[in-house]
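The next block holds one structure in the form of structure tokens; read it before the comments.
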Amino acid sequence: MKKRLLSLTLAAAMVLSMAGCRGAEPAATTAAPETTTAAAAEAETTTAAEGDTAETTEAAEPAGDFKIGIITGTASQGDEEITQANKMKEKYGDMIVTSTYPDNFTTETETVISNTVAMASDPAVKAIIWCQAIPGTAAAIDKVRETRPDMIFIVGTPGEDPGVINPKADIVLQVDEPGCGIVIPPQAKKQGAKTMIHYSFPRHMSYALIVARHENLKKYCAENGIELVDVTAPDPTGDSGITGAQQFILEDVPRQIEKYGKDTVFFTTNCGMQEPLIRSVFENGAIYSLQCCPSPFHAFPAALNIDMAGHEADVDYMMEQLQAKVTEANMGGRVSTWGVPCNMLFISAGVEYAKKVLEGETNGQVLDEALLRSTVQECAEEFTPGAQMTLDYYVDDDGNAKENHFLVMSDFVTFE
């Protein structure tokens, strides 16, 4: 099984996951999503959707006046995506419209769909960028395409398996989850790890790429002399909610450290568990290699009480603050992440690329691979000058490369 590799060399060494969140997880309470599209009512559907495959090479008419929609989770899900959506709104003004999906998206699929249809009911909206692309995204795309077959969909960090989302979206951007299963164990070994605690739950362990990452973790932990220990945590979508899942992490990390020692690296597949996990790792002097969605902003500020006012997307500031916290905790060499915030990158690159398509820079095609690659590079440079990244095609179990689904990988930044 051979993947075609697209190398994006950005000059030096820091940077850009989905190491596997599978979308933001429901919070304890459900926020009422809002849309800033001009048309707020759901469009009536008049024709049935035909076929299941998105035409990634469908001609895109150059547009003068257009809008680009961005759909993210609420602030309670995680600040990164909605912060970047607001940044793009600040940059482009009324060209950008935003909407959120409900916190309890797993039980509110109809709301996920209706919010998307409401955004698409504005005829000026020509493209929708979605991150994280939680379960229900594919169904929402289908519904929109019933009346807007020309709509461009670029989705980041999908919460649905490739076989579900790939035929629907025009472009899929995702952290190389299986690849993370290969690179995390040697990184953890360098940090002194002898044991890895892997927190997840059955729902996440039913997703193909999370399973692939876990299989690689088992293999490469063994090769690096690290014992992999699987611990089942509460599902944040279950009865105990995100609060119960976080409390479990706070209580369980000290237990695991007491059993296996401080040379234990901790990993969880869930976004909502990152904050208590990081806090507990710092309090107990353990090891932390990478988040499920790699980013210097993901959970670190809240876990370590870092004031981000005025620095919401300032990578240099964040790295300085993280280094100071690592030094203060005497944890040099035991904490790492990636230098580019992956989900923020997916939103930024998605908007910039869609804008180029709508302005006619792709010779009538929705997917121009070379332009997409250069756009991702340009956007990564804006976050972290001198980054090194690769984009790989997703390859299915039959060895077929899906040329609209790109897996992103980056180097680690280790705080000394």
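Only lysines eight or more places from Lys143 in sequence, or on another chain, were considered; those with a Cα closer than 26 Å are Lys67, Lys89, Lys126, Lys168, Lys355, Lys356, Lys402. Each peptide in 302-314, 200-212, 181-193 gets a packing score, the mean of other Cβ atoms within 10 Å over its residues, and the list from highest to lowest is 181-193, 200-212, 302-314.
In plain terms, the chain from Leu250 to Glu223 could stretch by 6.8 nm, reckoned as 0.36 nm per residue minus the Cα-Cα distance. Taking the protein heavy atoms of the range 263-382 in the context of the full set of protein chains, the accessible area attributed to carbon and sulfur is 40 percent at 1.4 Å. Simple spin-label estimate for Ser206 and Thr147 gives 3.2 nm between the two label positions (7 Å along the Cα-to-Cβ direction from each Cα).
One Cα centroid belongs to the range 356-387, the other to the range 223-284; the line between them spans 37 Å. Across the accessible surface of the range 95-175, with the other protein chains kept in place and a 1.4 Å probe, carbon and sulfur atoms take up 56 percent.
Taking all protein chains as present, what is the carbon and sulfur share of the accessible area of the range 176-255, in % to the nearest whole number, probe 1.4 Å? Heavy-atom surface of the range 176-255 belonging to carbon and sulfur, 1.4 Å probe: 53 percent. Residues within the reach of a label modelled at Asn305 (point 7 angstrom out along Cα to beta-carbon, backbone nitrogen below 17 Å), restricted to the range 327-342, are 327-330.
Charging the Cβ of each Asp and Glu at -1 and of each Lys and Arg at +1, and nothing else, the dipole of the range 309-416 about its Cα centre rounds to 200 debye. Under the simplified labelling scheme, the Thr232-Gln377 pair shows an inter-label distance of 4.7 nm, with each label point 7 Å from Cα along Cα→Cβ.
Quick one: grab the alpha carbon gyration tensor of the range 243-379, order the square roots of its eigenvalues as a ≥ b ≥ c, and give me rounded if a/c is under 1.5, else prolate or oblate depending on whether a/b is larger than b/c. Note, shape of the range 243-379 comes out prolate. Annotation: amide H of Tyr393 within the under-5 Å range of Arg4, Leu6, Leu407, sequence separation 5 or more or interchain, hydrogens built in the peptide plane. The residues of the range 56-190 present an accessible area of 31 Å² per residue when probed at 1.4 Å with all protein chains retained. Here the gap between Ala124 and Ala329, fully extended at 0.36 nm per residue and compared with their Cα-Cα distance, gives a gain of 68.6 nm.
Look at the Cα gyration tensor of the range 310-379: its axes a ≥ b ≥ c give a/c of at least 1.5 with a/b over b/c, and that counts as prolate. Protein heavy-atom accessible surface, 1.4 Å probe, per residue over the range 252-384: 32 Å². Given +1 at the Cβ of Lys and Arg, -1 at the Cβ of Asp and Glu and no other charges, the dipole of the range 200-343 around its Cα centre is 380 debye to the nearest 20.
Zone of Asn400 (label point 7 Å along Cα→Cβ, backbone N under 18 Å): which residues in the range 142-172? 161-172, by backbone N distance to the label point.
Kirkwood radius for the range 70-152, taken over all pairs of different Cα atoms as the inverse mean of 1/r, rounds to 12.9 Å.
For the range 115-208, the Cβ-based charge dipole about the Cα centre amounts to some 420 debye (Lys, Arg positive; Asp, Glu negative; other atoms uncharged).
The values are calculated or read from the model by the stated rules, or taken from the named source; none is laboratory data. These figures come from a predicted structure and were not determined experimentally. Neighbour counts are summed over all protein chains in view; Cβ atoms, including those assigned to glycine, are modelled from backbone coordinates with ideal geometry. Note: areas computed on protein heavy atoms with side chains; ligands, DNA, RNA excluded. Shrake-Rupley method; radii C 1.70, N 1.55, O 1.52, S 1.80 Å.
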